[in-house]
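Student: Below you'll find the structure I mean.
The values are calculated or read from the model by the stated rules, or taken from the named source; none is laboratory data. This one's a predicted model, so the numbers in the text were calculated from it and none came from an experiment. Quick reminder, even Gly has a Cβ in these numbers, built from the backbone with ideal geometry, and neighbours come from all protein chains shown.
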Amino acid sequence: MKFGFSLLISILCFFIIPEISAEWFPLDSEQNIPTLKEFRKNQELLVECMNREIDNGEHRQDAKGNIIFKPFPVCRETGKPLSLKYGVSEDINCTIPLTDEMYHLFQLYVHEDAPFSCRLPISAEHDSVVNGNGYVPMDLNFRGVLSDSHTHIDTSMNLLIVKPNNFNSIISSVGWSSSTNTTRYVIGDYMTLQFAVRWLDVESQRGSGHHFKYYNDGFYSLPKNINDQGITASQLLFYALITVLFTGAGVYAVLYARFNKRLIRDLGFKPVNDFGVAKKD
């Protein structure tokens, strides 16, 4: 009886539960793979962020119910909203004014009442962005301490963008505070955000086997050792020292053996121990 019931459940699951299959991300508004055009090296990518209410952090929507995104605040250094250069790892500063609205938004971000949700386009093709979900999220995680009169914020940000190794698009991106220092801010101050932007070429792993139009699907996992992307100067020096030591030891062993043999053969000396020689009787 128990076996029959289990068999019945298995048969029902086979027919009722749909097959689970991998699906490309992101899709456009019609649930199709968007048209992707490769970026050029150094091409500027505009950072857009979710427009939020300052009282509760809720995202704002337009008349059609779409979430409103707007460009990142204007940087004092450039006079333009924050943008990134495709494929270029660099350190950049973006100084923004802490208006009353911006200050209260950062209080929400630091207290984690609302995420600082931004996005980057995945294609240089304009239509793929306009007509669908041609973006990947880029959440910026700020840490700090709130008080009644001011806020301490860690403004040193690591910004990591993962890209396919064989196609100039974007897989994922994220930013997070990463220093041991915070700075005290009040309304009306200027706040300098220090971004350490790093791009990482990654090969896909554990793909579904599906063939897509642009690049391989699957898990673009980070390498176990980020330094696998290249040998640093300190690593190169270490390997050079090891090579010199082993080479020197080998040369010493060969010369020591030949020297001992010559002493025994030509001068009549024989080794007393490993470190000296003595006259042969």
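Conditions tested, residue by residue: (1) in a strand (DSSP E or B); (2) under 21 Å from residue 159 (Cβ atoms).
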{"position": "37", "(1), (2)": "no, no"}
{"position": "45", "(1), (2)": "yes, yes"}
{"position": "63", "(1), (2)": "no, no"}
{"position": "91", "(1), (2)": "yes, yes"}
{"position": "103", "(1), (2)": "no, no"}
{"position": "106", "(1), (2)": "no, yes"}
{"position": "120", "(1), (2)": "yes, yes"}
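Student: Moving on to the next point. Which numbered condition trips up residue 119, out of (1) buried (at least 19 other Cβ atoms within 10 Å of the Cβ); (2) out of contact with any Phe, Trp or Tyr (no Cβ under 7 Å at 6 or more places or on another chain)?
Tutor: Every condition holds for residue 119 apart from (2).
Student: If residue 91 satisfies all but one of (1) modelled with pLDDT of 95 or more; (2) in contact with a Leu (Cβ under 8 Å, 6 or more places away or on another chain), what's the number of the condition it fails?
Tutor: The number of the failed condition is (2).
Student: So, one more: Taking interchain pairs and intrachain pairs at least six residues apart, which have beta carbon atoms under 9 angstrom, with the first residue in segment 99-121 and over 17 Å from residue 74 (Cα atoms) and assigned by TED's automatic domain parsing to the domain that holds residue 81 and the second surrounded by 15 or more Cβ atoms within 10 Å (Cβ to Cβ) and aromatic (Phe, Trp, Tyr)?
Tutor: Close Cβ pairs (under 9 Å, with a partner that is surrounded by 15 or more Cβ atoms within 10 Å (Cβ to Cβ) and aromatic (Phe, Trp, Tyr)) amount to 108/116; 109/116; 109/142; 110/142; 115/109; 121/39; 121/135.
Student: I would also like to ask the following. Between 116, 106, which is at pLDDT 95 or above and more than 26 Å from residue 171 (Cα to Cα)?
Tutor: 106
Listed here are the residues, each with its yes/no results for (1) out of contact with any Pro (no Cβ under 9 Å at 6 or more places or on another chain); (2) in a strand (DSSP E or B).
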site	(1), (2)
139	no, yes
157	yes, yes
161	yes, yes
166	yes, no
170	no, no
173	no, yes
176	yes, yes
179	yes, no
184	yes, yes
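Student: How many residues are under 28 Å from residue 92 (Cα atoms) and exposed (fewer than 15 other Cβ atoms within 10 Å of the Cβ) if we restrict to segment 60-74?
Tutor: Of all residues in segment 60-74, those under 28 Å from residue 92 (Cα atoms) come to 68-74.
Subset that is exposed (fewer than 15 other Cβ atoms within 10 Å of the Cβ): 68, 70-71.
Counting residues in segment 60-74 that are under 28 Å from residue 92 (Cα atoms) and exposed (fewer than 15 other Cβ atoms within 10 Å of the Cβ) gives 3.
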